[in-house]
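Here's the structure, in structure tokens; my notes come after.
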Amino acid sequence: MTLLSATGNRNVCAQQVKVPHAQPIKFIENKSQWPEQVHFKGEFQGNSVYLEPTAFTFDLVDSRDLMEARHAHLSPNEPTPPVPEIHRHAYRMQFIDANEQVQFATGNKSKEYYSYLLGNDPSKWGHQAYAYNDVTYQSLYQGIDIKVYTSGENMKYDFIVKPGAKVEDIQIQYDGLIEVIAADGNLYLVTSID
């Protein structure tokens, strides 16, 4: 567990998650299909990010395992191979002392919507869940918003610091990582998968 505070160098106020060969991430709104604390879910190349009021939770999959699983049944004349093991790693990025009553603003609403009929309990089904290209947490800290979006193949987030706000209020705690390395002006998050 590592606690990072965004003091001093303002360049630490953004993070980028590279997703090779990915479509832009769409953030799908929660219409009761996921746990209550999840407001939006983004999916990319088998991975997921859950946007919660004071946290992002990442659920990553080993891309090599996915490729192996997808190619396991390429030849119809070969016997069915065993189901390959797929390795995953989840970690959480928690905004310390953030506003738990944050309001969300969305941008670029999709024309299509998604319906989720999960299980036998209709109260857990989500109907007409729209996707958005960006989600802004308004007043995550006093005078500070955070905008989550995609740019090409990358998920990004930017802290928007209004005049008079204290950038030192931004504190991020990472849980579930093997290691957090700060080097050469970059932050490297080490997981159990590549």
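Among the residues making up the range 27-46, a single one is modelled with pLDDT under 90, within 11 Å of the chain's Cα centre (by Cα) and open to solvent by 20 Å² or more (accessible area, probe 1.4 Å): E43.
Here the condition is being touching a residue at least 12 places away in the same chain (Cβ under 8 Å) and touching a His at 6+ places or on another chain (Cβ under 6 Å); of S115, S110, it holds for S115 alone.
Any residue at all in the range 108-127 that is in a strand (DSSP E or B), hydrophobic (A, V, I, L, M, F, W, C), surrounded by 15 or more Cβ atoms within 10 Å (Cβ to Cβ) and on the phi < 0 side of the Ramachandran plot? No, every residue in the range 108-127 fails to be in a strand (DSSP E or B), hydrophobic (A, V, I, L, M, F, W, C), surrounded by 15 or more Cβ atoms within 10 Å (Cβ to Cβ) and on the phi < 0 side of the Ramachandran plot. The residue list D145, D175, D134, D121 contains one member that is charged (D, E, K, R) and over 23 Å from E43 (Cα atoms), which is D121. Apart from one condition, N186 fits all of (1) within 20 Å of E36 (Cα to Cα); (2) out of contact with any Leu (no Cβ under 6 Å at 6 or more places or on another chain); (3) of a type outside the set (V, I, T); the exception is (1). Only one entry in D121, D175, D169 is farther than 24 Å from P24 by Cβ and touching a Lys or Arg at 6+ places or on another chain (Cβ under 6 Å), namely D175. Checked against (1) in a strand (DSSP E or B); (2) surrounded by fewer than 19 Cβ atoms within 10 Å (Cβ to Cβ); (3) on the phi < 0 side of the Ramachandran plot, A165 passes all but a single condition, namely (1). Residues of the range 168-180 that are touching a residue at least 40 places away in the same chain (Cβ under 8 Å) and farther than 13 Å from F95 by Cα: G176, L177, V180.
Yes/no per residue for (1) within 17 Å of L189 (Cα to Cα); (2) at pLDDT below 85; (3) open to solvent by less than 70 Å² (accessible area, probe 1.4 Å):
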position: S48; (1), (2), (3): yes, no, yes
position: A55; (1), (2), (3): yes, no, yes
position: D59; (1), (2), (3): yes, no, yes
position: D62; (1), (2), (3): yes, yes, yes
position: L66; (1), (2), (3): no, yes, yes
position: H71; (1), (2), (3): no, yes, no
position: N77; (1), (2), (3): no, yes, no
position: T80; (1), (2), (3): no, yes, no
position: H89; (1), (2), (3): yes, no, yes
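Can Y141 be described as more than 17 Å from the chain's Cα centre (by Cα), open to solvent by 50 Å² or more (accessible area, probe 1.4 Å) and hydroxyl-bearing (S, T, Y)? It would help to see each step written out before you state the result.
On the way: more than 17 Å from the chain's Cα centre (by Cα): yes; open to solvent by 50 Å² or more (accessible area, probe 1.4 Å): no; hydroxyl-bearing (S, T, Y): yes.
Taking the combined requirement at face value, the residue does not satisfy it.
Determine whether the range 111-125 contains at least one residue that is of a type in the set (S, T, Y), at pLDDT 90 or above and out of contact with any helix residue (DSSP H, G or I) (no Cβ under 6 Å at 6 or more places or on another chain). Scanning the range 111-125 turns up no residue that is of a type in the set (S, T, Y), at pLDDT 90 or above and out of contact with any helix residue (DSSP H, G or I) (no Cβ under 6 Å at 6 or more places or on another chain).
The values are calculated or read from the model by the stated rules, or taken from the named source; none is laboratory data. The structure displayed is predicted, hence computed values, not measured ones. Glycine gets a Cβ as well: all are built from the backbone with ideal geometry, and neighbour counts include every protein chain shown. These accessible areas exclude ligands, DNA and RNA; they are computed on the full protein's heavy atoms, side chains included. Shrake-Rupley method; radii C 1.70, N 1.55, O 1.52, S 1.80 Å.
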